[in-house]
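Okay, structure first, notes after.
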Amino acid sequence: MSQIEEFEGIVLSVKKHREQDHLVKIFTDRFGKLMFFTRGTGKRNNKLKTAILPFTKATYIGDVRTTGLCFLNDAKDQQQYQSMQTDIFLNAYATYLLNLTDVALEDRQPNPALYHKLAASLQEIDEGSDPEIIMNIFEIQLLPYFGVAPELRGCRVCGNTEGPFDYSQTYGGLLCQKHWHMDEHRYHATQRSIYFIRLFSRVSLDQIGSISVKEETKKEIQSLVDHIYDDSVGIKLKSKGFIKKMDKWGSVLKDARNPEKNDRKD
């Protein structure tokens, strides 16, 4: 069955199909994740050419089918996340969010809440919010979609909500200091990283502007998040690997983002 529908969507990925056509994976607000066939979008004057570009959000009109490929007919109210198309760092973080969403969802499973979370995350990155913080919040809040729900409100054993805490893979969440002895292989996380992991699990994206994190603490947070993903989720995305490589490149490429610093005279 098929029906012409209007829906909002975010382009997750685009692949060339034959010479002038494309296969476009779109996360829609109404129908979940769908694969669309677009004919002639490799031609310069095709009306859908810009609507299927990476990092695009738009209102689409298309033939939505319950099985097989869907088809795009038109698009309006296009919004390109411009900064991600010109900044290699922001591009990497945004690509990872899209990839993570893609692997977290089955096709044709509507999820308006996650759709709006992804849209808000991309908007925050595009408008200058710290992409590392956005990424970590998104990673933590996406864990339930992988069937992982670590207890981050308080101690998994006794329910105590007052720290200090540590993270236990064995117990699937936090242990308060009274119960650290129960897991000799607990993560030994810093209290700063534990504080932010707990905050990120419940914070809404409209509160991002009030969060400020030191670079050292960011590394501690990411180490803990990676630990949870490696042990509980088990996915290895190339886009996340690229972000880790960027981190190793260090200050050289970060300075390239701010060339005016190199122009300053003592």
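Estimated from helices alone, the mean residue ellipticity of the chain at 222 nm is -11000 deg cm²/dmol (sum of -39500 (n - 2.57) over DSSP H runs with n ≥ 4, per residue).
For segment 2-80, what D do you get in µm² per second when you plug the Kirkwood radius from alpha-carbon pairs into Stokes-Einstein at 20 °C and 1.002 mPa s? Intermediate values should be presented prior to the final figure.
On the way: Rh = 12.1 Å.
Value of D from the Cα-based Kirkwood radius: 176 µm²/s.
Please state the relative contact order of the chain as a whole percent: Cα pairs under 8 Å, 6+ residues apart? List each step's numbers first, then the result.
Details: 400 pairs, mean separation 37.5, N = 266.
This gives 14 percent for the chain.
Taking loop as defined by DSSP and a crowding limit of 16 other beta carbons within 10 Å, which GluC sites (Glu not before Pro) in segment 175-223 fit? All intermediate terms of the calculation are to be shown ahead of the outcome.
Numbers: sites: Glu184, Glu215, Glu216, Glu220; in loops: Glu184.
Answer by residue number: Glu184.
Taken along the Cα-to-beta-carbon direction at a fixed 7 Å, the label points for Glu5 and Gln177 span 5.3 nm. Ranked by the mean number of other Cβ atoms within 10 Å of their residues, highest first, the peptides 68-75, 130-137 come out as 130-137, 68-75. Between Gln109 and Thr161, the contour length at 0.36 nm per residue exceeds the Cα-Cα span by 15.2 nm. Counted over all Cα-Cα pairs of the chain, pairs farther apart than 32 Å make up 33 percent.
Our compactness index for segment 142-223, the C-alpha radius of gyration over the empirical 2.2 N^0.38 Å, is 1.11. Dipole of segment 1-126 computed with +1 at Lys/Arg Cβ and -1 at Asp/Glu Cβ about the Cα centre; of Leu69, Phe27, Phe7, farthest Cα towards the positive end is Leu69.
Every read-out reported here was derived from the displayed coordinates using simple, explicitly stated rules and does not represent laboratory data. None of these values were measured; they are calculated from a predicted model. Note: ideal-geometry Cβ built from the backbone for every residue, glycine included; neighbour counts use all protein chains shown.
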